[in-house]
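Here the structure is laid out as structure tokens; the discussion comes afterwards.
The values are calculated or read from the model by the stated rules, or taken from the named source; none is laboratory data. Everything numeric here is computed off the predicted structure, so don't read it as measured data. Glycine gets a Cβ as well: all are built from the backbone with ideal geometry, and neighbour counts include every protein chain shown. Heavy atoms of the whole protein, side chains included, go into the accessibility calculation; ligands, DNA and RNA do not. Shrake-Rupley method; radii C 1.70, N 1.55, O 1.52, S 1.80 Å.
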Amino acid sequence: MITLYGYPRTRSLRVSWLLEELGLELQYHLIDFAKGEHKSADYLAICPQGKVPALKDDETTLTESAAICLYLAEKYGKHWLPKPATPQAAKQLEWISFIITELEQPLWSMGKHRFALPKQIRLPEMISVAKWEFKKAAQTAEKWLPDTEFLAGQFPSVADILLTHTLNWAVKFDQKLLPRLETYRQHMSRRPALLRALSQEQQALADNTQR
């Protein structure tokens, strides 16, 4: 049984979405940040950073969302990975690198200086800097979007999950997307597997509240 440690609408959604796409059963273990469960000794033994997601699959434990998704796609659903050493595979790797290092990081900077960091070290000025950085990265993403439905060929890939999740994060943070990015975001966000993953997260949260 695959166990996913997560919390609704965090990066763990990337993993639960892919698991739904692959049709894999999982045990969803909600980590309640409000209760400090991310700082418990048991969870820190799994994820020393105290973050989500974390995944256990037999003897394998992983804690980075992109790495987890690539691992799952390679092990259980290679149709979610372009054929190795092809232009499509290279394009997916380029997108993943760009999403994680350029597009996502300004959003995380906004989050850190709004709520995640201790109040005494938050810098309101960083939010305007991060907005500028995100706008610049989004302009690149807009130009890079292919005319095909998906980022790396005719089939969806891990890169599509990472980009869609990041764009939804941007919208939540009131960042206006350029037209092609917004069309892509809306199209990908209607996938049934994502809707099922969101429902599963909300059910886990509701069950946790009732305890």
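If you go through segment 189-207 and keep only what is farther than 22 Å from GLY111 by Cβ and either open to solvent by less than 80 Å² (accessible area, probe 1.4 Å) or at pLDDT 95 or above (or both), you end up with ARG190, ARG191, PRO192, ALA193, LEU195, ARG196, SER199, GLN200, ALA206, ASP207. Applying a threshold of 6 Å to beta carbon distances and a minimum spacing of six or more residues, or different chains, the list of pairs starting in segment 84-113 at a residue that is aromatic (Phe, Trp, Tyr) and ending at one that is part of a helix (DSSP H, G or I) and open to solvent by less than 70 Å² (accessible area, probe 1.4 Å) reads TRP95/ALA159. Here LEU72 fulfils each of the conditions (1) within 17 Å of the chain's Cα centre (by Cα); (2) without any contact (Cβ under 8 Å) to a residue 24 or more places away in the chain; (3) outside any loop (DSSP other than H, G, I, E, B) apart from (2).
Across segment 17-32, the number of residues qualifying as open to solvent by less than 70 Å² (accessible area, probe 1.4 Å) and in contact with a strand residue (DSSP E or B) (Cβ under 8 Å, 6 or more places away or on another chain) comes to 6.
As a summary of the residue check, MET126 satisfies the conditions (1) surrounded by 13 or more Cβ atoms within 10 Å (Cβ to Cβ); (2) within 20 Å of GLU20 (Cβ to Cβ) except for the one numbered (2).
When PRO146 is tested against (1) under 20 Å from SER65 (Cβ atoms); (2) of a type outside the set (A, V, I, L, M, F, W, C); (3) touching a Gly at 6+ places or on another chain (Cβ under 9 Å), just one condition goes unmet, and that condition is (1).
Looking across segment 70-90 at every residue that is touching a helix residue (DSSP H, G or I) at 6+ places or on another chain (Cβ under 8 Å) and open to solvent by 80 Å² or more (accessible area, probe 1.4 Å), the one that is modelled with the highest pLDDT is identified as TYR76.
Taking (1) open to solvent by 20 Å² or more (accessible area, probe 1.4 Å); (2) under 23 Å from THR86 (Cα atoms) in turn, ALA152 satisfies each apart from (1).
Of all residues in segment 33-69, those satisfying the criterion of being surrounded by 16 or more Cβ atoms within 10 Å (Cβ to Cβ), in contact with a Gly (Cβ under 9 Å, 6 or more places away or on another chain) and not in a strand (DSSP E or B) are HIS38, TYR43, VAL52, PRO53. When segment 125-149 is examined, which residues are found to be of a type in the set (Lys, Arg), farther than 23 Å from PRO87 by Cβ and free of Cβ contacts under 8 Å to residues at least 40 places away in the same chain? Selection gives LYS136 alone. Pairs linking a residue in segment 47-61 that is under 12 Å from GLY6 (Cα atoms) to a residue that is in a loop (DSSP other than H, G, I, E, B) and open to solvent by 60 Å² or more (accessible area, probe 1.4 Å), with Cβ atoms under 8 Å and 6 or more positions apart or on different chains, are VAL52/TYR7.
Of the listed requirements (1) at pLDDT below 95; (2) closer than 20 Å to ALA73 by Cβ, ALA116 misses just one: (2).
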